[in-house]
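The values are calculated or read from the model by the stated rules, or taken from the named source; none is laboratory data. Keep in mind that what you see is a predicted model, and the values were worked out from it rather than measured. With ideal geometry, Cβ positions are generated from the backbone for all residues, glycine too; neighbour counts draw on all protein chains shown.
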Amino acid sequence: MGILLLLLGLVLFIGLVVIHEFGHFVMARRNGVEVEEFGIGFPPAIWRKRIKSDKGDYDFTINALPLGGFVKLKGEHDIDETPGTFGAASLSTKVKVMVAGVVMNLVAAFFLLTLVALIGMPKLLTQEVIGEDQFTVASDTRVTQRDIIARGLEPDSPATKAGLQERDRLISIGPVDGEKQPIEQSSNLPELTRQFAGQEVEIQYTRGGELRTSEPTQLRSQEEVQASRDAGEPKGYLGLVPVQFEVRQSTWSAPIVATGVAAQITKLTFQVLGTSVASLFRGDTAKASEQVSGPVGIFFVLKEGSTLGIKFILMIIAIISLSLAIMNVLPIPALDGGRLFLTLFFRAIRKPLQPNVEDNINLAGFAFLMLLFVLITIVDVRRFF
């Protein structure tokens, strides 16, 4: 099941790129701009088909580098004047064509977040992450799932000796021959392990949906825990980090929840981008690239998410779609926002945007994005391998 969810996540991720480019494609053809090629992935092409249409023929291609997609318009330079070219289109048409991809990603994000709110939205935004709880309408919200997941297991700890593994779902803990206490919140576990400090305990948990009981394990004593803190290397009684995974479901308020969560994600995205840019200007490229993830990071997030179910996968895809919209609206050359900024800027100063100037600016932007992509990939590889 996990593999199927991972594959679904990857297909949906590629679908976000296709939806984005489809927005450009539809808007261009509706406004009389001819499309020469609609490509999934980046060249070289591995499959090509000529599509016949009343609005103009175009090539549909599947390309070797699955890192994005593109729509090649006829006469993309801003000063082209041949009828049917992008350059000959009115300013309003150019604006609509360039923002259409962003709009499609926003629509996709809103649709997915609304759907997830209806079937159950994972709580991913917390006080620690954004300074406030994830948005919801309290009168129309019910918790449908709450799992306490084992993470950050310390080597040679009571947790590992008990046979626990990463992503096990913790149910209860207690003395071997005594009554087990339920672990209902992540905040409960430290208190429970402190209560049973130095004692031999068993932990009930689930792995792959199967209820299990751990091997008896002796928790660290209060003296051991205090000594580790005094030495500057704090350890817990059990030796793991309990992470709470909560799913909350809405009904009539689902679109409102989707809007509120989208606003929070947008705010967080700009905060991360601001931190990354500041680090980049300080020359700390490693710090800048750590704030974001590329294809490698996205793959591992989806791989991890496949163990948490389809709701988590859909939530992550919605966040990625929103992030794509935000990135493409920024005035970065080679991206939609950068091309729109160039067009509007040269209109404002009443000068034609010469092809060589346009090409050089977009080439510089593309080179910068490729450099950033390489740095992010290196950081992701070091992070996940």
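The residues of the range 99-138 that are within 27 Å of Gln185 (Cα to Cα) and free of Cβ contacts under 8 Å to residues at least 12 places away in the same chain, listed by number, are Thr126, Gln127, Glu128, Gly131, Asp133, Ala138. Considered as a group, the residues in the range 124-145 that are of a type outside the set (Val, Ile, Thr) and exposed (fewer than 13 other Cβ atoms within 10 Å of the Cβ) include one that is nearest to Glu246 (Cα to Cα), and that residue is Arg142. Of all the listed residues (Thr285, Thr275, Thr266), the sole one being at pLDDT 85 or above, hydroxyl-bearing (Ser, Thr, Tyr) and farther than 22 Å from Gln165 by Cα is Thr266. Candidates are the residues of the range 151-203 that are of a type in the set (A, V, I, L, M, F, W, C) and in a helix (DSSP H, G or I); the one that is surrounded by the most Cβ atoms within 10 Å (Cβ to Cβ) is Ala159. Is it true that Met104 is touching a Phe, Trp or Tyr at 6+ places or on another chain (Cβ under 8 Å), modelled with pLDDT of 90 or more and either surrounded by 18 or more Cβ atoms within 10 Å (Cβ to Cβ) or part of a helix (DSSP H, G or I) (or both)? Judged against the criteria, Met104 is a match. Restricting attention to the range 45-69, the residues that are at pLDDT below 90 and part of a strand (DSSP E or B) add up to 6.
Looking at the range 250-264 only, could you name the residues that are of a type outside the set (Gly, Ala, Ser) and surrounded by fewer than 22 Cβ atoms within 10 Å (Cβ to Cβ)? Thr251, Trp252, Pro255, Ile256, Thr259, Gln264, listed by residue number. Of the listed requirements (1) modelled with pLDDT of 90 or more; (2) exposed (fewer than 14 other Cβ atoms within 10 Å of the Cβ); (3) touching a helix residue (DSSP H, G or I) at 6+ places or on another chain (Cβ under 9 Å), Ile148 misses just one: (2).
Collect the residues in the range 61-80 that are surrounded by 15 or more Cβ atoms within 10 Å (Cβ to Cβ) and over 15 Å from Met27 (Cα atoms), keeping them in residue-number order. Matches in the range 61-80: Thr61, Asn63, Pro66, Gly68, Gly69, Gly75, His77, Asp78, Asp80.
Going by the conditions given, is Thr93 in contact with a Pro (Cβ under 7 Å, 6 or more places away or on another chain) and either assigned by TED's automatic domain parsing to the domain that holds Arg339 or in a helix (DSSP H, G or I) (or both)?
no
Residues that are under 11 Å from Gln204 (Cα atoms) and under 34 Å from the mean Cα position of the chain (by Cα) within the range 174-189 comprise Pro182, Ile183, listed in sequence order. From the residues in the range 205-234 that are modelled with pLDDT of 90 or more and assigned to a loop (DSSP other than H, G, I, E, B), which one is surrounded by the most Cβ atoms within 10 Å (Cβ to Cβ)? Within the range 205-234, the match that is surrounded by the most Cβ atoms within 10 Å (Cβ to Cβ) is Leu219. Among residues that are crowded, with 17+ Cβ neighbours inside 10 Å and out of contact with any helix residue (DSSP H, G or I) (no Cβ under 8 Å at 6 or more places or on another chain), Gly15 is not included.
Checked against (1) under 20 Å from Thr251 (Cα atoms); (2) assigned to a strand (DSSP E or B); (3) more than 27 Å from the chain's Cα centre (by Cα), Thr144 passes all but condition (3).
Determine whether the range 232-244 contains at least one residue that is within 30 Å of Leu118 (Cα to Cα) and in contact with a helix residue (DSSP H, G or I) (Cβ under 8 Å, 6 or more places away or on another chain). The answer is yes; a qualifying residue exists. Against the test of being modelled with pLDDT of 75 or more and either of a type outside the set (Lys, Arg) or out of contact with any strand residue (DSSP E or B) (no Cβ under 6 Å at 6 or more places or on another chain) (or both), the options Leu375, Leu302, Leu353 yield a single qualifying residue, Leu353.
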